[in-house]
Amino acid sequence: MQATVLEARALLLDMDGTLVNSDAVVERCWRRWAIAQGLDPVAALKVVHGRQGYATMAALLPDRPMEQNYAENRIMLAEETADTEGVVPVGGAPAFMAAIAALPHALVTSADEALAQARMTAAALPMPETRVTAEMVGASKPDPEGFLKGAAELGFDPADCVVFEDSEAGIAAGRAAGMRVVGVGPRAAAFAPDVLVEDLTRLRVEAVADGSIRLHVDAR
């Protein structure tokens, strides 16, 4: 086991797979969609994590008109928002959120506001006051727009922010934003985050007197 210390001024947090384990819902909804499109659901599920739904659809069906993807994404968001069965916090998330409550942080998620509220509520996690949801950006992860907007909303330079992410698209977005990335969970392992943790139990948050944040990470 390797101990790592990261210093930051602000933390930018993905939701699904990072704070909230929503895999059961994601797999149910996207499996149905993939089968309806004549796609291999196992292959489709390798693409869905981290992106907005329309971007996933475009990746899987590149010849289809984007207007159709936007329309079906609205249906998908409604289905996912209504289905919270099996939505639980990632290990250590409640204590982690309590530890950073008074520190600069923002949620940066590919979910829209309604879906983010539904999943954070189902997982009994506090919703960050500052958040960047799907409605607030013009481009989905792996584009860095969401993370750059989160940093700007908090008033910090990208280099002073640490991103928490689980997916290929999210890790790529954080890196493209010029931020350091803590990868959370098994999906993150393949995409070379700066630090990898099994879950959020392996983090200790220290508020430093100068206003900075020190993250003590027991990484594997």
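With THR84, THR4 as the choices, which residue is assigned to a loop (DSSP other than H, G, I, E, B) and either modelled with pLDDT of 90 or more or of a type in the set (Val, Ile, Thr) (or both)?
Result of the check over THR84, THR4: THR84.
Just to check your reading of the model, which residue among GLU129, GLU135 is loosely packed, with under 15 Cβ neighbours inside 10 Å, free of Cβ contacts under 8 Å to residues at least 24 places away in the same chain and in a helix (DSSP H, G or I)?
GLU135
I'm trying to understand the selection: among the residues of region 44-57, which are buried (at least 21 other Cβ atoms within 10 Å of the Cβ) and β-branched (Val, Ile, Thr)?
Correct list: VAL48, THR56.
Taking region 58-72, which residues are of a type outside the set (A, V, I, L, M) and either open to solvent by 20 Å² or more (accessible area, probe 1.4 Å) or in contact with a Pro (Cβ under 8 Å, 6 or more places away or on another chain) (or both)?
Correct list: PRO62, ASP63, ARG64, PRO65, GLU67, GLN68, TYR70, GLU72.
Report whether or not MET136 is within 30 Å of GLU7 (Cα to Cα) and in contact with a Leu (Cβ under 8 Å, 6 or more places away or on another chain).
When the stated conditions are applied, MET136 does not pass them.
Sort out which residues of region 73-91 are free of Cβ contacts under 8 Å to residues at least 40 places away in the same chain and in contact with a Lys or Arg (Cβ under 9 Å, 6 or more places away or on another chain), and write them in order of number.
Answer for region 73-91, where residues must be free of Cβ contacts under 8 Å to residues at least 40 places away in the same chain and in contact with a Lys or Arg (Cβ under 9 Å, 6 or more places away or on another chain): just THR81.
Residues of region 183-214 being open to solvent by less than 30 Å² (accessible area, probe 1.4 Å), under 16 Å from ILE100 (Cβ atoms) and either of a type in the set (Asp, Glu) or part of a helix (DSSP H, G or I) (or both), which ones?
LEU200
With ARG119, ARG131 as the choices, which residue is of a type in the set (D, E, K, R), closer than 16 Å to LEU12 by Cβ, at pLDDT 95 or above and out of contact with any Gly (no Cβ under 7 Å at 6 or more places or on another chain)?
Only one candidate passes the filter, namely ARG131.
Of all residues in region 140-177 being of a type in the set (Gly, Ala, Ser) and either closer than 10 Å to GLY50 by Cα or under 12 Å from the mean Cα position of the chain (by Cα) (or both), which is surrounded by the fewest Cβ atoms within 10 Å (Cβ to Cβ)?
ALA172
Any idea how many residues of region 144-167 are touching a Gly at 6+ places or on another chain (Cβ under 7 Å) and either among the charged types (D, E, K, R) or within 13 Å of ALA10 (Cβ to Cβ) (or both)?
7
Which count do you get for residues in region 11-43 that are of a type in the set (A, V, I, L, M), surrounded by 15 or more Cβ atoms within 10 Å (Cβ to Cβ) and more than 18 Å from the chain's Cα centre (by Cα)?
Qualifying residue count for the region: 2.
Read through the list (1) assigned to a helix (DSSP H, G or I); (2) touching an Asp or Glu at 6+ places or on another chain (Cβ under 7 Å); (3) surrounded by fewer than 14 Cβ atoms within 10 Å (Cβ to Cβ), then give the number of the only condition that ILE75 fails.
All conditions pass for ILE75, except number (2).
The values are calculated or read from the model by the stated rules, or taken from the named source; none is laboratory data. The model shown is predicted, which means the values in this text are computed figures rather than measured ones. Cβ: placed from backbone, ideal geometry, glycine included. Neighbour counts: every protein chain shown. In case anyone asks, the SASA skips ligands and DNA or RNA and just uses the protein heavy atoms, side chains included. Shrake-Rupley method; radii C 1.70, N 1.55, O 1.52, S 1.80 Å.
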